[in-house]
Amino acid sequence: MGPRKQNGRPPGGARAAAGRWGRARGAAGAATAMFCVGTLTAVSPALHHYPVYGGQALRYALGGLVLLAVMRARGLPHLRLTGREMGLITLLAVVGLAVFNVLVIESTRHADPATVGTVVATVPVVLALAGPLMERRRPTPHLVAAAAIVAGGAGVATGLGGGTPLGVVLALGVLACEVGFSLLAVPLLARLGAVRVSAYATIAAVPLLLVAGVAVDGRAALRVPTAGEATALVYLAIVVTAFAFFCWYDALPRLGAERAGLFSGCLPVGAIVGTVVLGTGRPNGAEIAGAALVVAGLVFGLRPRRRPEAAPPREPGGDGVVLSGRPCAGQEGAPR
């Protein structure tokens, strides 16, 4: 016989083990997601001659179809969205996907990619502060410090660069969109789960990017890609969109936005590894030093923290004392 439950709940040891497993899975998922997104810079040169907004629309359309196929394979039914959920999905698609892509492109016209990357590298610090404030609690000092180390490492790896004031403002817009990509999804994940949120937001972004593509490139917004372009688009759709989005949204409720944000520092690591694997570049000393700082920040931020011993639970029928910790997050579509 398995361990007995108390009041319908698994014993404390089982809850602790489930919590550790959930955090470990969340850490692996967040690191994998950001690493995959980082490889985008190594693959993007193959699409330099393809219409940008049309290419992004194709990428998200294919990625959304993959996610819908995953939903079908896993037997996840479509859920009727409330008005609030529909609004959040739309806002997530607008801010976290469509406007994000527009601002990334426009910011690099007025500032070099290194400047944009350095500004966006502060995502861990912003999430370490904004995540707890959204939950009406104080930021955790050691996580803020760890986020600063990670952001510094990402900035060193990316390079400081230069640009015009307009370029810096646009880069700050990219930063805001990147933060929104996480924080706007948090209220949706408890009921919808990672696969649905990823699928719905990705599909919703397609018409927005098509409109931007037609406005910028007219009828040339879409064309038949070459073999190399098609390979790059498929990689972006399956790995950087469908797989990475799921991993990230699966990790968020397991770790919380403040801890998950630390793994944004894995972006430049993915970029470095991607360029080496594809032979499009070699890491320099600054990139290696920055990656080392990122790892140091992650180790510091994720190290186990000693908690004060909890008072023994009271007998049932007491004055509302909680007998167990927070439920283990992570089951698809279940409260997290």
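The values are calculated or read from the model by the stated rules, or taken from the named source; none is laboratory data. Model, not experiment: these values are computed from the prediction. Positions of Cβ are generated from backbone atoms using ideal geometry, with glycine treated the same way; all protein chains shown enter the neighbour counts. Heavy atoms of the whole protein, side chains included, go into the accessibility calculation; ligands, DNA and RNA do not. Shrake-Rupley method; radii C 1.70, N 1.55, O 1.52, S 1.80 Å.
Please indicate, with yes or no, whether at least one residue in region 65-77 is open to solvent by less than 10 Å² (accessible area, probe 1.4 Å) and either free of Cβ contacts under 8 Å to residues at least 12 places away in the same chain or within 19 Å of the chain's Cα centre (by Cα) (or both). Don't jump to the end; show me each part of the working.
In the first step, residues of region 65-77 are kept if they are open to solvent by less than 10 Å² (accessible area, probe 1.4 Å); the result is 67, 71.
Now restrict to residues that are either free of Cβ contacts under 8 Å to residues at least 12 places away in the same chain or within 19 Å of the chain's Cα centre (by Cα) (or both): 67.
Yes, region 65-77 has at least one match.
Pick from A205, A221: which is crowded, with 18+ Cβ neighbours inside 10 Å, within 22 Å of V123 (Cβ to Cβ) and out of contact with any Cys (no Cβ under 7 Å at 6 or more places or on another chain)? Step through it out loud before you land on a result.
Working: A221 fails: within 22 Å of V123 (Cβ to Cβ).
None of the others qualify; the one that does is A205.
Report, ordered by the first and then the second residue, all pairs with beta carbons closer than 9 Å, sequence separation of six or more or different chains, a first member in region 121-135 that is at pLDDT below 80, and a second member that is open to solvent by 40 Å² or more (accessible area, probe 1.4 Å) and of a type in the set (D, E, K, R).
Cβ pairs passing all conditions: G131/R259.
Taking the condition open to solvent by less than 60 Å² (accessible area, probe 1.4 Å) and more than 14 Å from V66 (Cβ to Cβ), does V197 pass? Steps first, please.
Numbers: open to solvent by less than 60 Å² (accessible area, probe 1.4 Å): yes; more than 14 Å from V66 (Cβ to Cβ): yes.
Yes: the conditions hold for V197.
What residue, among those in region 15-55 that are hydroxyl-bearing (S, T, Y) and not in a helix (DSSP H, G or I), is farthest from L209 (Cα to Cα)? Full working, then the answer.
Residues of region 15-55 that are hydroxyl-bearing (S, T, Y), as a first pass: 32, 39, 41, 44, 50, 53.
Those left that are additionally not in a helix (DSSP H, G or I): 39, 50.
Numbers: T39: 22, Y50: 14 Å.
Taking the candidates together, the pick is T39.
What number of residues within region 12-50 satisfy the criterion of being surrounded by fewer than 16 Cβ atoms within 10 Å (Cβ to Cβ) and modelled with pLDDT of 85 or more?
3
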